[in-house]
Amino acid sequence: MGCQEEPLVQKVCDLYMQISGLESLKPSKDVNMIFTQLVLTCMPPSPIDVTKLCKRVQEMRSKLIRLCGEAEGLLETHFSTILASYENPLDNLTIFPYYSNYLKLSLLEFTILSQHLQNAPTKIAFVGSGPLPLTSIVLASNHLTHTSFHNYDIDPLANSMAVALVSSHPDLSNRMFFHTQDIMNVTNALKDYEVVFLAALVGMDKEDKVRVIDHLAKYMAPGALLMLRSAHGARAFLYPVVDPCDLRGFDVLSVVHPTDEVINSVVIARKYSVPNMHSFDQQGLGHGPIILPTKCSEIQAFDPFNHGNMIEELAVEEQLS
């Protein structure tokens with residue numbers, strides 16, 4: 001596909017030029033308007049495969065994802081600060097403009113998770129929780145009401161802001177914990193979690209994302225579940241894409257692509273239970289476990305839980321079993 005052949009690509013490139021020319025990405029009328037245009041441009045289902053775009057557009061996409069990530073962090077910081085000024089911050093979450101999206105995404109993730117767990121997990125880790133840890137808050141409040149959530153973020157300021165939101169809540173203050181650590185330095189503690197969530201913006205490019213996934217594969221408990229966020233079609237201009245082939249050391253159970261206003265795709269995978277299947281080359285070659293050719297061959301079906309508002313991909317061997 002040529003760089004100029006696709007009107008959608010040209011529109012995204014134009015918006016990228018506008019975004020990269022902004023003096024600041026902090027929330028403002030102009031910033032909000034341009035990013036809203038970008039999201040609305042990328043939201044409709046599209047057959048576009050961003051990996052097949054020309055080099056110039058690939059480079060633009062990488063820069064755009066980083067700008068989106070920076071803007072998202074500034075937006076969360078802005079609203080976390082406002083929420084902390086309330087006597088009961090968690091009673092006012094609806095002021096965050098994308099709160100309804102988080103409600104839908106968390107319900108989707110809980111539904112998928114429930115299909116692969118017999119009992120509610122005791123402890124969950126959320127990697128990359130940020131200053132406004134809405135996924136953990138919504139899951140803990142609405143769906144997993146007896147589960148402990150351990151939130152990891154590399155930024156101490158983000159964690160202190162998050163703590164301020166939940167510290168006055170009689171329930172969540174006892175079930176939500178915040179760790180200021182680079183997840184790449186967390187080893188044996190990862191074995192304590194039945195489920196690990198990986199935020200979309202942890203690992204802003206393919207190499208960094210795979211490095212984090214490989215680390216989780218090495219230290220998570222055998223049989224534990226990994227839930228991570230990806231992107232599909234034109235939405236891949238907004239977030240990094242995680243392919244099933246990237247999850248070395250895991251059995252990919254399901255990949256779900258929402259087609260409504262929930263932007264992120266959801267991937268769920270199970271850490272291999274057989275010891276050492278996740279082990280990596282000790283000389284640093286990093287080949288990982290052998291992946292069967294069928295592992296990345298996928299079929300699509302409409303998800304029965306949302307009446308066609310998403311597409312679900314299942315590994316071929318699971319469909320045949």
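Values quoted throughout were computed directly from the atomic coordinates according to the rules given, and no laboratory measurement underlies them. Just so you know, these numbers come straight off a predicted model, no measurement behind them. Cβ: placed from backbone, ideal geometry, glycine included. Neighbour counts: every protein chain shown.
Observations
- Where GluC sites (Glu not before Pro) fall in DSSP loop in the range 1-82, at most 15 other Cβ within 10 Å: Glu5, Glu23
- For Met176, nonlocal amide neighbours, meaning residues 5 or more places apart or on other chains whose placed amide H falls under 5 Å from its own, are Phe149.
- Sequentially through the range 38-47, phi angles give Karplus couplings (6.51, -1.76, 1.60; θ = phi - 60°) of 4, 5, 5, 5, 8, 5, x, x, 9, x Hz, Gly and Pro residues having no value and appearing as x.
- Base-10 log of normalised Debye intensity for the range 1-121 (one unit scatterer per alpha-carbon) at q = 0.11, 0.12, 0.17, 0.21 Å⁻¹: -0.54, -0.63, -1.01, -1.19
- Take every Cα pair under 8 Å whose residues are at least 6 apart in sequence, average their separation, divide by the length of the range 185-232, and the relative contact order is 57 percent.
- For Ser230, distant residues with modelled amide H under 5 Å away: Ser265, Val266, Val267
- Near-label residues of the range 54-80 by backbone N, under 17 Å of a point 7 Å along Cα→Cβ of Asn32: 71-80
- Computed from backbone phi, the HN-Hα couplings of the range 8-18 come to 4, 4, 5, 4, 5, 4, 4, 5, 4, 4, 5 Hz, rounded to whole numbers (Karplus: 6.51 cos²θ - 1.76 cosθ + 1.60, θ = phi - 60°; Gly and Pro given as x).
- Summed residue charge, Cβ within 15 Å of Tyr99's Cβ, Lys/Arg positive, Asp/Glu negative: -3
- Mean separation of Cα contacts under 8 Å (6+ apart) over length of the range 1-99, as relative contact order %: 31 percent
- Computed label-point distance, nm, for sites Asp91 and Lys191 using a 7 Å Cα→Cβ extension: 4.4 nm
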